[in-house]
1. Can you confirm whether ALA98 is in contact with a His (Cβ under 8 Å, 6 or more places away or on another chain), crowded, with 16+ Cβ neighbours inside 10 Å and assigned to a helix (DSSP H, G or I)?
2. Say we look at region 48-58 and pick out the residues that are crowded, with 23+ Cβ neighbours inside 10 Å and under 16 Å from LEU154 (Cα atoms); which of these is farthest from ligand 1 (Cβ to nearest atom)?
3. Do we have LEU51 as of a type outside the set (D, E, K, R), assigned to a loop (DSSP other than H, G, I, E, B) and within 16 Å of ligand 2 (Cβ to nearest atom) here?
4. What pairs can you find where one residue is in region 3-29 and assigned to a strand (DSSP E or B), the other is of a type in the set (Phe, Trp, Tyr) and modelled with pLDDT of 95 or more, and their Cβ atoms are less than 8 Å apart, with a gap of 6+ or different chains?
5. Can you tell me which residues in region 99-141 are under 19 Å from ASP157 (Cα atoms), at pLDDT 95 or above and out of contact with any Phe, Trp or Tyr (no Cβ under 9 Å at 6 or more places or on another chain)?
6. Here are ASP161, ASP150: which of them is under 25 Å from the mean Cα position of the chain (by Cα) and within 16 Å of ligand 1 (Cβ to nearest atom)?
7. Is at least one residue of region 19-34 within 16 Å of ligand 2 (Cβ to nearest atom), over 20 Å from PRO159 (Cα atoms) and in the same structural domain as SER134 (by TED's automatic domain parsing)?
8. With the requirement that a residue be away from ligand 1 (no atom under 11 Å from the Cβ) and under 19 Å from TYR78 (Cβ atoms), what does region 24-45 give you?
Amino acid sequence: MIETRELTRRYGDFTAVDRLTFSVEPGTVLGFLGPNGAGKSTTMKMLTGFLPPTSGTAMIHGHDIRSDSLAARRLIGYLPEGAPLYGELSVLRFLEFAAGTRGFQGREAIARVEQVIDRLELGEVRHQTIETLSKGFKRRVGLAQAILSDPPVLILDEPTDGLDPNQKQQVRRLIRDMAPDKIIVISTHILEEVDALCSRAMIIAHGRLLADDTPAALLARSRYARAVSLATPDLQAAASALSGLDEAGEVEIRRGLVTVFPSGKGDLFRAVSALAEQSAWPVERVQLEAGRMDDVFRTITQQTAREEAA
Ligand SMILES: Nc1ncnc2c1ncn2[C@@H]1O[C@H](COP(=O)(O)OP(=O)(O)O)[C@@H](O)[C@H]1O
Ligand SMILES: [Mg+2]
């Protein structure tokens with residue numbers, strides 16, 4: 001388990017991370033979701049023992065990151081933000097060095113290094129120095145280093161940052177494969193990543209925890225959840241007819257769709273489908289909306305901004 005208690009970091013009188021309290025169980029891929037400057041990296045640096053908290057603490061499988069830091073760190077693989085250190089080393093040398101610091105020697109070290117080179121497809125750059133690699137390769141070298149000892153906890157700061165779409169898919173697959181018996185914490189500002197990868201998401205802004213739920217439950221908070229959208233050539237005509245339905249609340253036209261929000265009465269999807277059929281509109285598509293992550297995110301962060309201003 002990871003358990004944090006009022007984890008806080010200040011820089012002067014600026015509070016970067018503000019009393020975060022949460023716990024995470026094995027088998028979880030937890031996403032820290034938040035805009036730039038939200039405090040995601042600072043939180044990760046504290047969890048991994050790279051930055052002391054100003055107050056509060058965290059336990060990694062029972063080891064306090066402040067008083068038992070070495071034992072805590074041994075359980076963690078960490079992908080820091082940015083490029084790996086030791087840019088002047090070759091990929092192979094860097095990974096051998098990482099294996100050494102993790103206590104692997106001889107054959108075992110070589111086997112570990114070869115395994116991660118293979119898993120992250122680094123074979124073609126193994127003799128190249130890290131500083132000469134593209135951003136995507138640098139990121140994967142950092143990931144290789146993080147998973148080398150197969151630790152029970154992985155803290156990955158923006159693991160897919162700088163990767164092309166294929167590499168993103170590959171890294172997401174790798175994370176999913178490792179997920180069942182580990183705790184994996186990733187940070188991201190990409191909304192779709194949370195939906196694609198995480199079993200749980202925490203929305204963080206201004207160092208504060210604003211929401212903590214499954215991606216599906218967060219999506220259900222979207223005003224689009226259970227709305228019905230329709231693609232048809234005459235959007236205006238459809239919109240005015242649809243707004244007459246008992247089941248319909250607001251109606252909006254956006255991006256070539258007319259979207260009807262539920263009034264709370266009756267079955268909106270059935271009512272919309274029935275009206276479309278009765279009116280003989282040429283309908284290209286009717287869909288029940290699952291909710292939109294960007295909408296949830298905007299609502300939750302704006303709500304907090306309003307509360308702060310009040
Ligand atoms: N060493 C530092 N000194 C002063 N402020 C810092 C320092 N490191 C981070 N910050 C500030 O703390 C806030 C959170 O940063 P960070 O944790 O990197 O956010 P995120 O990873 O969510 O983008 C930002 O406003 C950042 O400018
Ligand atoms: Mg960051």
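The values are calculated or read from the model by the stated rules, or taken from the named source; none is laboratory data. All values reported here derive from a predicted model rather than from experimental measurement. Positions of Cβ are generated from backbone atoms using ideal geometry, with glycine treated the same way; all protein chains shown enter the neighbour counts.
1. no
2. Here the answer is ALA58.
3. yes
4. Note: pairs meeting the criteria are GLU3/PHE22; THR4/PHE22.
5. Listed by number, the list holds a single entry, VAL116.
6. Exactly one of ASP161, ASP150 is under 25 Å from the mean Cα position of the chain (by Cα) and within 16 Å of ligand 1 (Cβ to nearest atom), namely ASP161.
7. For region 19-34, residues within 16 Å of ligand 2 (Cβ to nearest atom), over 20 Å from PRO159 (Cα atoms) and in the same structural domain as SER134 (by TED's automatic domain parsing): present.
8. Once the filter is applied, which keeps residues that are away from ligand 1 (no atom under 11 Å from the Cβ) and under 19 Å from TYR78 (Cβ atoms), region 24-45 yields VAL24, PRO26, THR28, VAL29, LEU30, GLY31.
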